[in-house]
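Okay, so here's the structure we're looking at.
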Amino acid sequence: MSDDRPSLVVILGDQLSPEMTSLAAADKGRDVVLMCEVEEETAYVGHHKQKIAFILSAMRHFAEELEEDGWTVDYIRLTDEGNTGSFTGEVERAIKRHHPDRIVVTDAGEWRVQQMIDGWAKDFDIDVDCLPDQRFICSKPEFEDWAEGRKSLRMEYFYREMRRKTGLLMAGDGKPAGGEWNFDKENRKPADNDLFLPDRRRFEPDEITKEVIDMVAETFADNFGELAKFGWAVTRKDAEKAFAHFLKAAAEDFGAYQDAMLEGKPFLWHSLISPYLNVGLLDPLDVCRQVAEAWEAKKIPLNSAEGFIRQIIGWREYVRGIYWREMPDYRERNALRAQRDLPWFYWSGETDMACLKDAIGQTREHAYAHHIQRLMITGTFALLYGVDPRQVHEWYLAVYVDAFEWVELPNTLGMSQFGDGGLLGSKPYAASGAYIDRMSDYCGTCRYDVKKRTEDDACPFNALYWDFIARHEKTLKGNPRMGRIYSNWERMDEETQKALRKRAKDVIEGLG
Ligand code: FAD
Ligand code: DLZ
Ligand code: SF4
């Protein structure tokens, strides 16, 4: 490295943290940071309008933060003249402008973008230092070590390792606090409509965000979703305020009502921090430490603290490990050979099924649905109906503000659609309407009757569920966790089985 030529530090739209390894390896007084808004990233799926607005506004705010901190930032806007529309094209132009002696970048979150970075050294005949992303608790090689030689890669065992590694919620003797690793049995309460719901910290768009929102409204007018209720934090300071408010107002009951759903109540006791964690406005370990401290200070119960921490140091880290271990062919897997097209109402929200209407409606309004809505409403319906998992994946990647492939794909294709044949989950998340009825108040207002199975007004989930079970008998019957379900199916008389399959056929044809 010569003294007078700068390094070009490339910061991607989900690397908005001053702690990035790329920044740590650079010289603030000499080097140039490149950040670019590019068409390729705004268009690789038809993102929700709020997702584009959130990322571009957070990028612009972060560029300001870096400049205030003394960095030189070369920021390319989407509408700038000469914008080539791709990371590679913008890096090429920046090399011509700044004549750097090397490129410094932190590993990309997504395989697609990492492929581009891996080509830069050859493309531009320049040194490229691509550094690990240290925002994660488990590095890629560490996950490989954990996974190597294991017969099954269950999250629960990985999670215990992460508890030991971080010391979060550990008793002094290497045992988990409270004597158990997992308190999920306390975390399945349905919510009642007369419960007091915590208010949520949302943020009025400032001038930068307003400008981005106007641009998105015009440029991405045909994309999915609405902008009117945009209330996401776009700076570190505001994201910290949002998290502090969750800790004070909602974390206490987070555990108990984690799986609950109420019509017209999109946020319940959830934290709404996934977009902030995923782009770097909040640090995962830091939020977990704050939650553990709140438990130690007796402000929140252990089942809530443990449930929350497990989602982050367990599930979030685990799906990242799976993604990098299994890509690129993971995206193509389709163990159940599901081939149907995604029903159109996933985009329009126009359906008489109250549960789907609500989950999709709030997704349009807020670019948000909580985990159980994603898994057990939109996810389960697509699974039972037999949608091609690639189409389901593209929908989830598009419609949520927090959607980045490394976290979305294993959750969708693996956990929700069983497309990986059980690598991630030990059985499919198939369920009839009874589950939704138990965990929500949707069925009360629905045109369909959740108690009926074969009539014209029977809940579609019911017949689709049994049809799914029958359709996949060869693949799933041998699964020890499915044994009881198959016994129930076999105990049904032939007439009932036929009526269920006929009703499922009608539902499928009706939607087709
Ligand atoms: P909370 O319920 O408050 O949970 C706290 C945090 O835990 C979340 O912010 C998130 O960072 C983490 N977390 C919880 N569950 C998971 C999980 N299964 N995997 C990884 N992290 C988890 N999460 C994303 O961040 N991006 C996605 O694109 C995404 N796609 C999903 C697709 C499907 C089909 C499913 C079933 C889940 C998906 N999830 C995804 C996981 C989860 O639904 C969201 O993280 C969560 O709903 C975000 O809302 P929250 O911040 O209020 O979460
Ligand atoms: C999701 C997204 C969008 C919509 N736009 C941009 C962009 O214009 N510039 C950018 O740097 N990042 C964007 N992103 C996030 C990237 O897709 C994300 O950084 C990569 O997927 C990480 O691999
Ligand atoms: Fe959903 Fe069926 Fe309940 Fe209607 S009856 S809300 S379709 S589970």
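Of the residues Ala221, Ala250, Ala217, Ala228, only one is buried (at least 19 other Cβ atoms within 10 Å of the Cβ) and of a type in the set (Gly, Ala, Ser); which?
After ruling out the rest, the residue left standing is Ala250.
Among the residues in region 360-378, are any of a type in the set (Gly, Ala, Ser), crowded, with 21+ Cβ neighbours inside 10 Å and part of a helix (DSSP H, G or I)?
no
Looking at Leu285, Leu302, Leu197, can you tell me which residue is more than 16 Å from ligand 3 (Cβ to nearest atom), open to solvent by 20 Å² or more (accessible area, probe 1.4 Å) and in contact with a strand residue (DSSP E or B) (Cβ under 8 Å, 6 or more places away or on another chain)?
Checking each option against the conditions leaves just Leu197.
Of everything in region 389-437, what is among the basic types (Lys, Arg) and within 12 Å of ligand 1 (Cβ to nearest atom)? Give them in sequence order.
Matches in region 389-437: none.
If you take just the strands (runs of 3 or more DSSP E) that sit entirely in region 1-103, which of them hold at least 3 residues that are more than 16 Å from ligand 1 (Cβ to nearest atom), at pLDDT 95 or above and closer than 29 Å to Pro205 by Cα?
Hits in region 1-103: 32-36, 72-76.
Search region 347-359 for residues being of a type in the set (D, E, K, R) and outside any loop (DSSP other than H, G, I, E, B), and hand back the single one that is farthest from Pro460 (Cα to Cα).
Asp358
Name the pairs: first residue in region 331-356 and among the β-branched types (Val, Ile, Thr), second residue open to solvent by less than 40 Å² (accessible area, probe 1.4 Å), Cβ to Cβ under 8 Å, at least 6 apart or on different chains?
Correct list of pairs: Thr351/Pro343; Thr351/Phe345; Thr351/Ile360.
Would you please name the residue that is farthest from ligand 3 (Cβ to nearest atom), looking only at residues in region 379-412 that are closer than 20 Å to Gly109 by Cβ and not in a helix (DSSP H, G or I)?
This residue is Phe404.
What are the pairs, 6+ residues apart or on separate chains, where a residue within region 51-69 that is free of Cβ contacts under 8 Å to residues at least 24 places away in the same chain has its Cβ under 7 Å from a residue that is aromatic (Phe, Trp, Tyr) and away from ligand 1 (no atom under 15 Å from the Cβ)?
Filtered contacts from region 51-69: no entries.
Considering each of Arg93, Arg60, Arg102 in turn, give the residue that is in contact with a Gly (Cβ under 8 Å, 6 or more places away or on another chain), of a type outside the set (A, V, I, L, M) and outside the structural domain of Asp402 (by TED's automatic domain parsing).
Only one candidate passes the filter, namely Arg93.
Inspect region 135-152 for any residue being within 16 Å of ligand 1 (Cβ to nearest atom), under 28 Å from the mean Cα position of the chain (by Cα), of a type in the set (Lys, Arg) and open to solvent by 40 Å² or more (accessible area, probe 1.4 Å) and give the result as yes or no.
No, because not a single residue in region 135-152 is within 16 Å of ligand 1 (Cβ to nearest atom), under 28 Å from the mean Cα position of the chain (by Cα), of a type in the set (Lys, Arg) and open to solvent by 40 Å² or more (accessible area, probe 1.4 Å).
What pairs come up if the first residue lies in region 437-450 and is within 16 Å of ligand 2 (Cβ to nearest atom), the second is open to solvent by 50 Å² or more (accessible area, probe 1.4 Å), and their beta carbons are under 6 Å apart, counting only those six or more places apart or on different chains?
none
Going by the structure shown, is Ala108 open to solvent by less than 10 Å² (accessible area, probe 1.4 Å), in contact (Cβ under 8 Å) with a residue 24 or more places away in the chain, outside the structural domain of Glu394 (by TED's automatic domain parsing) and in a loop (DSSP other than H, G, I, E, B)?
The answer is yes for Ala108.
Being surrounded by fewer than 16 Cβ atoms within 10 Å (Cβ to Cβ) and of a type in the set (Gly, Ala, Ser) is true for just one of Ala171, Ala177. Which residue is that?
When all the criteria are applied, what remains is Ala171.
If you scan region 142-176, which residues turn out to be polar (S, T, N, Q) and either assigned to a helix (DSSP H, G or I) or outside the structural domain of Phe308 (by TED's automatic domain parsing) (or both)?
The one that is polar (S, T, N, Q) and either assigned to a helix (DSSP H, G or I) or outside the structural domain of Phe308 (by TED's automatic domain parsing) (or both): Thr166.
The values are calculated or read from the model by the stated rules, or taken from the named source; none is laboratory data. All of these numbers come straight from a predicted model, not from anything done at the bench. Methodologically, a virtual Cβ is constructed for each residue, glycine included, from the backbone with ideal geometry; neighbour enumeration extends over all protein chains shown. Ligands, DNA and RNA are excluded from the accessible area calculation, which covers all protein heavy atoms including side chains. Shrake-Rupley method; radii C 1.70, N 1.55, O 1.52, S 1.80 Å.
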